[in-house]
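See structure below.
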Amino acid sequence: MAEPAEVRDPTEEVMDIQMGPSHPATHGTIKFNLKLDGEEVLECDTEVGYLHRGFEKMIEQGTWTQAIPYTDRLNYVSPLINNVGFAIAVERLCEVEVPPRCQYIRVIMSEVSRITDHLTCLGMGASEIGALTVGFLMNEARELLWDIVEAVTGARVTVSYTRIGGVTRDIPPDFYSRIGNAIDHLHALLDDCDKLVTRNRIFVDRMADVGILSREDAVSYGLTGPLLRATGIAFDVRKAAPYSGYENFDFDIPVGEKGDNYDRFLVRFNEIGESLRIIEQALANLPDGPVRIDDARFVLPDKHEVYNTIEGLMNHFKLIMEGAKVPAGEVYQPVEGANGELGFYVVSDGSGRPYRCRVRPPCFLGMASLHEMLRGHMVADIIPTFGMINMIGGECDR
């Protein structure tokens, strides 16, 4: 006669739960392999790669300029910063420096892009724990800035605005008035959000002391950006290795204390104010002059020359069909993305096409530390913690 089956106590069972890769709360395609004791997270094994786009191999098939639209798709919430990072890396290989007006425009549009990224992260993060009004307000603020981006670049998300040696076009004549109105409205919306959540007892209880990561662990995992600064380390590429004239601007680096979700929220929120300071300084001191270099080796000629001179037509044809001949060499160029240090390691063999490109995506390193943040917390803490990492699939799964 068979032995009676042993009745196990369900409260002592460790459950293996798969969350994702297609889940309404994960912002995209990512999978969490969870080990749960009731609702307590014992382990979280994160699987990325479901949105792999092959950026690093795809750009080897086109010219240097044709690689720029691919950078848009890395972090499609702040694409202008990606454009700038890649362009500066190539310009260093070419040993060219863009005009001062172009540098200031790049700074302005990068900071606008940084703000739109933070607004997306904070708005969605707040809405996921019940503060839906904050999500609506921050989406409204983001729309104001995306209207500015569209006026300057002609597109809202996949902008492809930066070029090797400059930018595609100058800012429109009404740029000052439009961005001034947008900033005024943005300040009002951010004040409302501040009153709604930053001292709200429910919000603070859900965010404070959750997802704590020590300074030592943050450094060990190679974290940068808001994740690192939330632990109290004031590292910012714009200060540590200035580019595009950032050394000429006065701004602070917001930091946290505990390295928890609440600190991450406040760091991003305060960085919006610092980005607005940079934009206002750049607008006040925007120099006159060209927005691209005058170098036929790397920059397309004006259409007037293409249509009316054989030299312009031939130059246009060679740059489009063969690509700019970037001198052989290799370079690593970091920029401060919205999520941290975004680096482009670029190798040229002297031809019109990139020989190799390696991207350092800040999201990827942030996701590596997620299990440390979640261990010992509840299932309900997974989504706000994941939201404060702000993983962008196109960048993480490049």
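The values are calculated or read from the model by the stated rules, or taken from the named source; none is laboratory data. Quick caveat, the model's predicted, so the values are computed rather than measured. For neighbour counting, all protein chains shown are included, and Cβ atoms are generated from backbone atoms with ideal geometry for every residue, glycine included.
Data overview
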| read-out | value |
| --- | --- |
| Failed condition for His52, given (1) loosely packed, with under 15 Cβ neighbours inside 10 Å; (2) at pLDDT 85 or above; (3) within 30 Å of Arg353 (Cα to Cα); (4) not acidic (Asp, Glu) | (2) |
| Qualifying residue in the stretch 156-173 (condition: of a type in the set (D, E, K, R), within 25 Å of Leu122 (Cα to Cα) and free of Cβ contacts under 8 Å to residues at least 60 places away in the same chain) | yes |
| Qualifying position, being under 30 Å from Val204 (Cβ atoms) and either at pLDDT 95 or above or not in a helix (DSSP H, G or I) (or both), among Ile88, Ile115, Ile108 | Ile115 |
| From the options Ala241, Ala284, residue that is without any contact (Cβ under 8 Å) to a residue 60 or more places away in the chain and hydrophobic (A, V, I, L, M, F, W, C) | Ala284 |
| Matching residues in the stretch 160-185 - criterion: being outside any helix (DSSP H, G or I) and surrounded by 12 or more Cβ atoms within 10 Å (Cβ to Cβ) | Ser160, Tyr161, Thr162, Arg163, Ile164, Gly165, Gly166, Val167, Thr168, Arg169, Asp170, Ile171 |
| Helices (runs of 4 or more DSSP H) contained in the stretch 216-306 and holding at least 3 residues under 29 Å from Ile171 (Cα atoms) and in contact with an Asp or Glu (Cβ under 8 Å, 6 or more places away or on another chain) | 261-284 |
| Qualifying residue in the stretch 316-324 (condition: basic (Lys, Arg) and either in contact with a Leu (Cβ under 7 Å, 6 or more places away or on another chain) or assigned to a helix (DSSP H, G or I) (or both)) | yes |
| Residue in the stretch 132-152 that is in contact (Cβ under 8 Å) with a residue 24 or more places away in the chain, over 19 Å from Val77 (Cα atoms) and crowded, with 17+ Cβ neighbours inside 10 Å present | no |
| Checking Arg375 against (1) in contact with a helix residue (DSSP H, G or I) (Cβ under 8 Å, 6 or more places away or on another chain); (2) at pLDDT below 95; (3) surrounded by fewer than 23 Cβ atoms within 10 Å (Cβ to Cβ), the condition it does not meet | (1) |
| Candidates Ala218, Ala230, filtered to the one that is crowded, with 20+ Cβ neighbours inside 10 Å, among the hydrophobic types (A, V, I, L, M, F, W, C) and in contact with a Phe, Trp or Tyr (Cβ under 9 Å, 6 or more places away or on another chain) | Ala230 |
| Any hit, the stretch 361-377, residues being in contact (Cβ under 8 Å) with a residue 60 or more places away in the chain, part of a strand (DSSP E or B) and under 24 Å from the mean Cα position of the chain (by Cα) | no |
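Listed here are the residues, each with its yes/no results for (1) touching a Pro at 6+ places or on another chain (Cβ under 9 Å); (2) among the polar types (S, T, N, Q); (3) surrounded by 19 or more Cβ atoms within 10 Å (Cβ to Cβ).
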| residue | (1), (2), (3) |
| --- | --- |
| Asn339 | yes, yes, yes |
| Phe344 | yes, no, yes |
| Pro362 | no, no, yes |
| Leu365 | no, no, yes |
| His371 | no, no, no |
| Pro384 | no, no, yes |
| Met388 | yes, no, yes |
